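Working notes, beginning with the structure itself.
The values are calculated or read from the model by the stated rules, or taken from the named source; none is laboratory data. Given the structure is predicted, the values throughout are model-derived calculations rather than measurements. Every residue, glycine among them, receives a Cβ derived from its backbone with ideal geometry; neighbour counts consider all protein chains shown. The protein model used for the area step is the full one, side chains on, heavy atoms only, and it has no ligands, DNA or RNA in it. Shrake-Rupley method; radii C 1.70, N 1.55, O 1.52, S 1.80 Å.
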Amino acid sequence: MVYRKIALIDMDSYFASVEEVKNPILKRRPLAVVGGGKIPIVLSANYLAKIHGVKTGMIYSEAKRLCKSILFVKADYPQYEFTTLKLLEIIENFFPVYKEASIDEVYIAIDVFEDGVEKLKLLKDEIKLRLGLNCTVGVGPNPVIAKSACEVAKPDGFLVVEDLYEFAKELPIRDVPGVGKESQKVFKELGIETLEDFLKTKGISEKLRELVLKEYTEPEFFKHVPPKSIGHSLSLDKEIKSFEELSAVFNYLLFGIYSKLIRGKYGARNVALYIKDRFGTFSFSHNLAVHTNDFFLLSKVVEDIAKKLYRDYPISKIGISLNNLKIVDSVQRSLFWEEYQRKYEKLATIGREMNNTFLGGYFILKSKKAI
């Protein structure tokens with residue numbers, strides 16, 4: 001089937017919004033979610049912070065300068081991965097054909113139904129009801145226009161592009177996917193400020209022109225192509241000093257990775273772990289007999305590898321990856337998955353009330369300086 005209308009679901013301020021759902025008090029303050037490392041970078045900011053000019057990619061000290069009352073929260077990737085899993089489960093109930101473009105963006109083929117746009121409105125409401133999260137929806141004849149519609153409609157918007165050329169009159173060229181800073185400089189020199197200006201200018205960036213004017217989306221666009229590996233690493237503000245802590249934190253990281261594994265319907269044949277202590281970084285991996293996405297089996301392999309790595313020294317950083325991936329026919333959810341799901345989701349929800357505290361597999365991370 002050829003798809004002539006495509007939608008993009010783009011979650012608003014995703015990481016920051018998930019943190020606000022976990023801790024509603026955060027909604028009252030400017031908030032930024034930052035990554036790890038010596039110089040934390042803003043990964044997501046809520047709209048109270050964006051009003052002050054805080055942006056994704058900004059170092060935390062610059063964000064603090066722009067907004068002195070801002071709060072910083074360290075990114076909780078496993079929880080974001082799991083939230084996306086729940087998001088996709090909601091989407092599947094409305095539309096059978098979709099593609100996860102990133103952790104917070106999902107393309108949907110809506111013309112598999114005659115009332116596709118109306119179903120999109122219901123989907124948007126369902127996401128808000130079940131996850132407590134806002135999203136912006138853009139609809140167009142191809143992924144580029146759908147993405148551009150999202151940029152115009154943010155936040156919490158809904159925009160359907162029926163006439164591309166009317167839409168192009170007001171669309172800033174900077175909001176077109178694929179137009180980076182260098183391209184913007186070139187376009188500015190040529191007097192190109194809108195998409196309409198670009199379309200009227202011949203002989204420049206023909207590939208982009210083709211993508212913008214495309215009137216259909218091939219089925220190949222929605223095919224899942226597994227990555228070579230998926231993983232998470234964690235730099236710890238509080239060192240791990242026992243095997244029980246190490247095993248629990250590894251399992252929390254696995255919880256997030258597994259969510260991504262079953263979102264893509266992948267199976268893994270290799271599990272790799274690494275740790276960093278005062279003497280350096282050490283790693284170990286294990287090959288499985290077959291590709292699997294059984295959480296209980298993977299957690300047992302992780303525990304066995306952790307035993308080989310742990311040397312009774314304080315650990316400052318850990319990492320885990322699932323490798324040699326391929327698409328499998330079914331999701332092998334063990335009988336224990338729902339139990340793990342409830343356990344880790346509860347920990348992610350209540351954990352923020354504590355500072356620098358180890359809690360059954362979850363560290364509450366806080367910078368020694370500004371976070």
Taking loop as defined by DSSP and a crowding limit of 13 other beta carbons within 10 Å, which GluC sites (Glu not before Pro) in segment 54-120 fit?
Glu114
Under the Kirkwood approximation applied to all pairs of distinct alpha-carbon atoms, what is the hydrodynamic radius of segment 200-266 in Å?
16.6 Å
Quick one, can you get me the convex hull of the C-alpha atoms of segment 47-188 expressed as volume per residue in Å³?
141 Å³
Rolling a 1.4 angstrom probe over the protein heavy atoms, how many square angstrom per residue are accessible across segment 1-104?
43 Å²
What number do you get for segment 121-239 when its Cα radius of gyration is normalised by 2.2 N^0.38 Å, N = residues?
1.35
List every residue whose amide H lies under 5 Å from the amide H of Glu239, counting only residues 5 or more places away in sequence or on a different chain, with H placed 1.01 Å from N in the peptide plane.
none
Percent antiparallel among DSSP beta bridges (both partners in the chain, rounded to 5)
90 percent
Carbon and sulfur together cover what percent of the accessible area of segment 1-134 at a 1.4 Å probe radius?
55 percent
Give the residue from Ser61, Phe167, Ile192 lying farthest towards the positive end of the charge dipole for the chain; charges sit on Cβ (+1 for Lys and Arg, -1 for Asp and Glu) and the dipole is referred to the Cα centre.
Ser61
Quick numbers on the chain, Rg and Dmax over C-alpha atoms in Å, give 22.2, 67
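Within 11 Å, Cβ to Cβ, of Val54, how many net charges do the neighbouring residues add up to if Lys/Arg are +1 and Asp/Glu are -1?
Taking every Cβ under 11 Å from that of Val54, the sum is +3.
Counting every Cα pair in segment 32-117, what percent are over 22 Å apart?
45 percent
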Segment 140-251 - accessible surface per residue (Å², probe 1.4 Å)
57 Å²
Share of accessible surface on carbon and sulfur in segment 224-297, whole %, 1.4 Å probe and ligands ignored, is 53 percent
CD proxy, 222 nm, the chain: helix-only mean residue ellipticity via -39,500 (n - 2.57) per DSSP H run with n ≥ 4, per residue, nearest 500, stands at -11500 deg cm²/dmol
May I ask you to evaluate 6.51 cos²θ - 1.76 cosθ + 1.60, the Karplus curve with θ = phi - 60°, for each residue of segment 36-43 and list the ³J(HN,Hα) values in order in whole Hz, giving x for glycine and proline?
x, x, 5, 10, x, 10, 5, 9
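What helices in the chain pass both tests, a Cα length along the helix axis of 24 Å or more and a mean Kyte hydropathy of 0.5 or higher, using whole DSSP H runs?
Helix filter hits for the chain: 243-263.
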Enumerate by residue number the GluC sites (Glu not before Pro) in segment 205-299 meeting two conditions: DSSP loop (anything except H, G, I, E, B), and at most 12 other Cβ atoms within 10 Å of the site's Cβ.
Glu215
Give the accessible area for Ser229 in Å² (nearest 10); use a 1.4 Å probe, count only protein heavy atoms, and leave out ligands, DNA and RNA.
60 Å²
Residue-normalised value, i.e. accessible area per residue, for segment 269-316 at 1.4 Å probe, in Å², stands at 53 Å²
When the Karplus curve 6.51 cos²θ - 1.76 cosθ + 1.60 is applied with θ = phi - 60°, which whole-Hz ³J(HN,Hα) does each residue of segment 70-76 get, with x for Gly and Pro?
5, 9, 10, 10, 6, 4, 10
May I ask you to derive the relative contact order of the chain, considering only C-alpha pairs under 8 Å and at least 6 residues apart, and to give it as an integer percent?
17 percent
What are the ³J(HN,Hα) values, in whole Hz, obtained from phi via the Karplus relation 6.51 cos²θ - 1.76 cosθ + 1.60 with θ = phi - 60°, for each residue of segment 56-67 in sequence order, with x given for Gly and Pro?
4, x, 7, 6, 5, 5, 5, 4, 5, 5, 6, 9
